[in-house]
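Notes to accompany the following structure.
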Amino acid sequence: YITHDDYLAFHHAHLPTSLYNLTGIWNNILTLSQHHAPLKSQVRQLSLLEHHSHKLLQEVRYPFIQGNLNAYTTQFKLPVPPGFLVTTPEQAKQVASVIDGPSMIKAQVLAGGRGKGKFNSDGKSGVRLVDSPNEVFKSATNMLGHYLTTAQTPKDGLRVDKLYIYRAVSIAQEFYFAMTLDRQHTSPVLLISSSGGTNIESNVDKMHKLWFRLSTGITDEIDAYLQAELGFSDTEMKDIHRILVQMMKLFKEKDATLIELNPLVRTGEGEFVCLDAKFGFDNSARYRQKEIFALEERSPEEEEEHQLAELGLSYVRLDGNIGNIVNGAGLAMATNDLISLYGGKCANFLDVGGAATKEALRKAFGVLERDERVKGILVNIYGGIVRCDMIAEAIVAAATEMGGFKCPVVVRLQGTNSEKGLKLIEQSRLINLVVEAEFEKAAQMIVKQTPRA
């Protein structure tokens, strides 16, 4: 077994003063994020909501509303304003009364671009500056229970059930500090810009990319480069060095794949404060980062995806209205492509693989049937390892449990025991179910029978 640090130590990292042009890479990322809702990284990494990230930066536990707000500032390992998580407008107003001054309210969703996003309730963004408890109450009422749409959410947005509130600070300048893995160079890398905040995407030319080793850490060369390029004073550079060292410590000890501080601000009083943070953690470290992975929060849809994954099924939620159950990733992608070719849109990618059980398949049907977006289902099985008669048994059992299929279902079974499977389906006399042997005709049929989204 090779640890996170051991792996990186085997490879030669670039000099810390290396600076690469990121424009092409960054623009490609932007193009994808602006035109497509992000696919969830179920296997590779865990992402945390902002309030969890802030707690991790602080490494202290704080109560909901108790005592002096400033009592905890000396304990922070990284400079973060004291904040509070609320789930009701009444709690939000109570927090604002304790803060007794301008407050920042932030929607807690796993998506970027909240500051430029819009709520379906009042058309305002997911990050707001408010001046009084009454304004906080009004904003919280228009945010909680409503949907926020950003460049990184599905088109219908994400439901907001939690808000994070902290005292507003005066901002003199915003910076972007990030630490991640550069897999091409087999090395951790710093991404730093003097123009952070919501417009980081348009300031790529000011982004600095600095490779380093976990074994040597934040060196004098890195400090000297940043001071020369960003114009920090000697006193400010001491604070920046401390922040970078703490970032690296968290990155290493917590098996992080990403630590992003955006913005890290210089206040009007000359202090550096982290106003927003984003973390990513390698799923392979789940066994030794149990406290962090216990913070994972799932929507009902994500909980179902997680349950299917535990049963050995690969499920990814998409934006269409045609559900599909397929065995094999290649056939699943081909099925999605063919449905799109004939004018349909898939609601999911669901690969049952070769080891799926009857119970797992019944659960998969249940997930699709409960999905209100799904108006038609295509079952496309080519039996090699998986037996078609077992698939047929699962289809019949699922239909019996649900009192029949409420939407059109087209089934294609080819391969091992396909004759037995087709006979079982024929004998069941299920309503709303049609069998079609040819792949293209099956795709055409489900598109034709499914109402347009």
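The values are calculated or read from the model by the stated rules, or taken from the named source; none is laboratory data. These numbers come from a predicted model, not from an experiment. Ideal geometry is used to build each Cβ from the backbone, glycine not excepted, and the neighbour counts take in all protein chains shown.
Pick from the range 61-104 the residues that are part of a helix (DSSP H, G or I) and of a type in the set (Gly, Ala, Ser): which of them is modelled with the lowest pLDDT? Out of the qualifying residues, it is 71.
Consider the range 241-296 and keep the residues that are farther than 18 Å from residue 212 by Cα and of a type in the set (Val, Ile, Thr). The one that is surrounded by the most Cβ atoms within 10 Å (Cβ to Cβ) is 265.
Residue-wise test of (1) without any contact (Cβ under 8 Å) to a residue 12 or more places away in the chain; (2) over 25 Å from the mean Cα position of the chain (by Cα).
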residue	(1), (2)
294	yes, no
297	no, no
304	no, no
310	yes, no
333	no, no
343	no, yes
366	no, no
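With a requirement of 3 or more residues that are outside the structural domain of residue 117 (by TED's automatic domain parsing) and either under 30 Å from residue 347 (Cα atoms) or not aromatic (Phe, Trp, Tyr) (or both), the strands (runs of 3 or more DSSP E) lying completely within the range 150-245 that satisfy it span 171-182, 187-193, 207-211. Within the range 417-453, being in a loop (DSSP other than H, G, I, E, B), at pLDDT 90 or above and either over 39 Å from the mean Cα position of the chain (by Cα) or closer than 14 Å to residue 324 by Cα (or both) holds for 417, 450. The one condition from (1) closer than 19 Å to residue 197 by Cβ; (2) modelled with pLDDT under 95 that residue 162 does not meet is (1). Only one entry in 180, 153, 141, 149 is among the polar types (S, T, N, Q) and out of contact with any strand residue (DSSP E or B) (no Cβ under 9 Å at 6 or more places or on another chain), namely 141.
When we screen 278, 249 for residues that are basic (Lys, Arg), under 25 Å from residue 163 (Cα atoms) and in the same structural domain as residue 178 (by TED's automatic domain parsing), the only hit is 278.
Does residue 338 fit the bill of being modelled with pLDDT of 85 or more, under 24 Å from residue 155 (Cα atoms), surrounded by 22 or more Cβ atoms within 10 Å (Cβ to Cβ) and touching a helix residue (DSSP H, G or I) at 6+ places or on another chain (Cβ under 8 Å)? For residue 338, the condition - modelled with pLDDT of 85 or more, under 24 Å from residue 155 (Cα atoms), surrounded by 22 or more Cβ atoms within 10 Å (Cβ to Cβ) and touching a helix residue (DSSP H, G or I) at 6+ places or on another chain (Cβ under 8 Å) - is not met. Under the condition of being under 20 Å from residue 421 (Cβ atoms), of a type in the set (A, V, I, L, M, F, W, C) and in a strand (DSSP E or B), the residues counted in the range 344-365 number 1. In the set 295, 361, only one residue is of a type in the set (A, V, I, L, M) and within 22 Å of residue 382 (Cα to Cα); that residue is 361. In summary, residue 232 fulfils each of the numbered conditions (1) under 27 Å from the mean Cα position of the chain (by Cα); (2) modelled with pLDDT of 95 or more with the single exception of condition (1). Checked against (1) hydroxyl-bearing (Ser, Thr, Tyr); (2) without any contact (Cβ under 8 Å) to a residue 60 or more places away in the chain; (3) under 20 Å from residue 241 (Cα atoms); (4) surrounded by fewer than 17 Cβ atoms within 10 Å (Cβ to Cβ), residue 195 meets all criteria but (4).
Answer yes or no: is there a residue in the range 366-389 that is of a type in the set (Phe, Trp, Tyr), modelled with pLDDT under 90 and assigned to a helix (DSSP H, G or I). For the range 366-389, residues of a type in the set (Phe, Trp, Tyr), modelled with pLDDT under 90 and assigned to a helix (DSSP H, G or I): absent.
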